[in-house]
Amino acid sequence: MSREWVPFGALAATVILIQLVTMFTNTQYYLTQLIMAALYSIVVIGLCLLMGYAGQISLGHAGFFAIGGYTAAVGTTLNLLPHRDHVLVRMAERAGLTIQTTNSWGVDILYFSPWITLLAALLLSGVISLLIGIPVLRLRGHYLAMATLGFGAIIYYILLGSRFLGEADGIYDVPGFGLPGGFTFDGARNNRVLSYYFVWALVIGLMVLMHNLVNSRPGRALRAIHGNEPAAMAMGVDTARYKLSLFVLSAVCAALGGVFMAHYNGGMGPTEAGTLKAVRYVAIVAVGGMASLWGTLGASVVLNFLSLRGYFGSLDDAVFGVVLITVMLVAPDGILRRLGMYTLRRNRDTAPDAFPVSAEKQVQRGTA
Amino acid sequence: MPSRFLRKSRCSVALLEVNDLFRSFGGLRAVDQVSFTVPNGMIKGIIGPNGAGKTTLFNLIAGSLVAESGTIFFDGRPVSGLPPHRIAARGIARTYQNVKIFRQMTVLENVMVGCHQRSRGGFLAGMLRLPFTVREERRVRARSLELLEMLGLPEVADQDASALAFGRQRSVELARALALEPRLILLDEPAAGLNIRETVQLAQTVRSIRDLGITVLIVEHDMSLIMDISDEIVVLDFGRKIAEGTAQQVRRDPEVIRVYLGDEDAEG
Ligand SMILES: Nc1ncnc2c1ncn2[C@@H]1O[C@H](COP(=O)(O)OP(=O)(O)OP(=O)(O)O)[C@@H](O)[C@H]1O
Ligand SMILES: [Mg+2]
């Protein structure tokens, strides 16, 4: 294999090494936070592509995470037994798309297979991001930030206000995600090691896909949009379509993270859709160096791990806010890149701006 | 007579045809009822004082600005009102007066973006690195390196393009535009900021581009360069076309002499 895959091999080796260390030092409880950090990293990897490579900011990705999580949670907790005579339920049951069991309260329940709800979650987030993206991606800079922020807020208040979605309590009693081989991905202690390997395999797989994308024809087109949008258009890149596709892709990533978070935690609450979470994701991408998948993954794992272990105490959300402000002031192209983690030499005056200011069509289409 | 020549060429093979093009900014008529044609295979120059509307004219042709009235035909089909990427797909490439290089991309990658229209791979194919995209990628890379070779840049292929000297960035832009395999190329002041040696080289390059079968429309302030390489020249002043013809004809045109030399005696 070529040098290209060395980092991925190193990541896989690190994942295995950490598990072995926790096993021999009897600190396996760390794996719980590493699993959740991996799930948040799935969101952040998608967002990194959107922000770093296409220069579009989104403060709405916590909303997509929640859309994924809630779809999985609702689909797998809705008891279908009373509706067993319904055509759709009967069809689903016959096709083997439902699961029947007795829950922790001793009640017989019939629910949709997590595979079905996973598919539904990805589709739903894809469709919603498409519908949101078409009007919203015409905006740029601050305006785009505000519009996506508004979207996240709407999702948050819908979740908070819907009796059906559990209002402030959210949805709980979400079953684990049954995988081939009889293993279940959930928060149970005896599944922890396998769940750890499963999510990290997912993260590595996603990193490979994104790495490929960045180095492909559409990836180059996206970077060209970031590098100089008018010139990208003049070179035949349909910039609006590419931005929209990437927005949808990153939203689907966020939903994927949300789905597995719901199964891991056994539920999901409305705070997952909150603005503070959205800011957190953006802050992590900013620390990671915007256009650096590896930097972003590193920042995500470290910051999420520390946060989930409670090192930031009650200042948890404030820490991420301060981090974001500091990065923007000190090193807008990312702390890690500033420390020399990035290979291309670049000059100060051409530092990337994820927050381009101009909103005028004229400027957007590029003239001189 | 320029007008007779024009009518003749329009009947035969006008690659680009601009009719009564008009665009203003506020009250300023930047391009004012301009008409001309560019026959296939020609190098056509556009000159005019600062602010004459040359760049605006290019922006209208390339679709980055929309005309208020008038039409543009490319290869017999209307292109006015199309977005820039559709016009690029039709075969019109351009370079910019103020170089617009793709930041944070290598020289080679910059040129490879130019091949965008001549390749197919989409998001899913790219993520999964399907075999056809691997082959396509190899072809695009080879083609781009060829162009860098042609423009004398092969040794900087892997450098950050925005870190290059200004003159070399111009060459990267040119290579990128050629990667589009255009039928018409719009060059906006390609000699600005170049030294004498580079300017001489540029004249060679423009000719060899034409010899590849690409029609050239070039804006330039360097009079000796443009008079030397252009088959025909359009002169703009305050948005209006004031003259058109061969270098000799334009040089002798009293209106052009007045614009360029003011009231002074027009000799030399
Ligand atoms: N986007 C714009 N908004 C307002 N005015 C503009 C815009 N673009 C061009 N102009 C004006 O239109 C006129 C023509 O400008 P243009 O850039 O086309 O001139 P030019 O012939 O290319 O000049 P130069 O030789 O300096 O490049 C100028 O007066 C300029 O100020
Ligand atoms: Mg100009």
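Structure summary
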item: Gaussian network model of chain B, Cα within-10 Å springs - most flexible of B:211, B:32, B:188; result: B:211
item: Neighbour net charge for residue A:31 - beta-carbon separation under 15 angstrom, K R +1, D E -1; result: +2
item: ³J(HN,Hα) computed for each position of the stretch A:268-274 - Karplus, 6.51 cos²θ - 1.76 cosθ + 1.60, integer Hz, glycine/proline x; result: 8, x, x, 4, 4, 8, x
item: Reachable aspartates and glutamates, given that their alpha-carbon falls under 13 Å from the alpha-carbon of residue B:54 and they are not under 8 places away in the same chain; result: B:32, B:188, B:189, B:220, B:237
item: Accessible area (Å², per residue) of the protein assembly as shown, counting only protein heavy atoms and a probe of 1.4 Å; result: 43 Å²
item: Paramagnetic reach from residue A:95 in the stretch A:120-148 [backbone N under 19 Å; point 7 Å along Cα→Cβ]; result: A:120-127
item: Additional length obtainable on full extension of the chain from residue A:127 to residue A:102, 0.36 nm per residue less Cα span; result: 5.6 nm
item: In order through the stretch B:118-127: 3J(HN,Hα) via Karplus (6.51 cos²θ - 1.76 cosθ + 1.60), integer Hz, x for Gly, Pro; result: 9, 9, 10, x, x, 4, 5, 4, x, 5
item: Chain A: relative contact order as a whole-number percent, Cα under 8 Å and 6+ apart; result: 31 percent
item: Buried area at the B-A interface (accessible, heavy atoms, 1.4 Å probe, summed, Å²); result: 4100 Å²
item: Residue among A:41, A:314, A:162 with the largest mean-square fluctuation in a Gaussian network model of chain A, springs linking Cα atoms under 10 Å; result: A:314
item: Whether the protein assembly as shown is rounded, prolate or oblate, judged on the alpha carbon gyration tensor where a/c under 1.5 counts as rounded; result: prolate
item: Mean residue ellipticity (222 nm) of the protein assembly as shown, computed from DSSP H runs ≥ 4 via -39,500 (n - 2.57), nearest 500; result: -17000 deg cm²/dmol
item: Fluctuation leader among A:184, A:25, A:148 - chain A, Gaussian network, Cα springs under 10 angstrom; result: A:25
item: Label point distance in nm, residue B:228-residue A:208, each placed 7 Å from Cα along Cα→Cβ; result: 5.6 nm
item: Long-range amide H partners of residue B:96 with built H, under 5 Å; result: B:188
item: DSSP-defined beta bridges in the protein assembly as shown - what % are antiparallel, rounded to 5; result: 65 percent
item: Inter-chain shielding of A:239-250 (mean C-beta neighbours from other protein chains, 10 Å cut-off); result: 1
item: Rounded to the nearest 20 debye, dipole of the protein assembly as shown from Cβ charges on Lys, Arg, Asp, Glu; result: 980 debye
item: Cα long-axis angle, helix A:61-77 against chain A (0 to 90 degrees, to the nearest 10); result: 10 degrees
item: The stretch A:89-164-the stretch B:207-230 distance, computed between alpha-carbon centres (Å); result: 58 Å
item: Whole-Hz couplings from phi, Karplus 6.51/-1.76/1.60, listed for the stretch A:185-200; x for Gly and Pro; result: 8, 7, x, 5, 4, 6, 9, 4, 5, 5, 4, 4, 5, 4, 5, 6
item: A:61, A:86, ranked by accessible area, largest first (probe 1.4 Å); result: A:86, A:61
item: Amide proton proximity set for residue A:184, modelled H, under 5 Å, gap of 5+; result: A:179
item: Estimated dipole of the stretch A:33-333 in Debye, rounded to 20 [Cβ of Lys and Arg +1, of Asp and Glu -1, Cα centre]; result: 600 debye
item: Of B:174, B:111, B:131, farthest towards positive along the dipole that unit charges on Lys, Arg, Asp, Glu beta carbons give the stretch B:104-181; result: B:131
item: Chain A: angle of helix A:141-161 to the longest principal axis, Cα-based, in degrees nearest 10; result: 10 degrees
item: Efficiency of FRET between residue A:84 and residue B:50 - r from beta-carbon atoms, R0 56 angstrom, step 0.05; result: 0.10
item: Residues residue B:146 and residue A:194, FRET efficiency given R0 of 51 Å [Cβ-Cβ distance, rounded to 0.05]; result: 0.50
item: Estimated D of chain A in µm² per second, where Rh is the Kirkwood radius over Cα pairs and Stokes-Einstein applies at 10 °C, 1.306 mPa s; result: 74 µm²/s
item: Point-charge dipole on Cβ atoms (K/R +1, D/E -1) for the stretch A:39-143, about Cα centre, debye to 20; result: 300 debye
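The values are calculated or read from the model by the stated rules, or taken from the named source; none is laboratory data. Treat the numbers as computed from the prediction; the structure is a model and nothing was measured. For neighbour counting, all protein chains shown are included, and Cβ atoms are generated from backbone atoms with ideal geometry for every residue, glycine included. Calculation scope for accessible area: heavy atoms of the full protein, side chains included, ligands and nucleic acids excluded. Shrake-Rupley method; radii C 1.70, N 1.55, O 1.52, S 1.80 Å.
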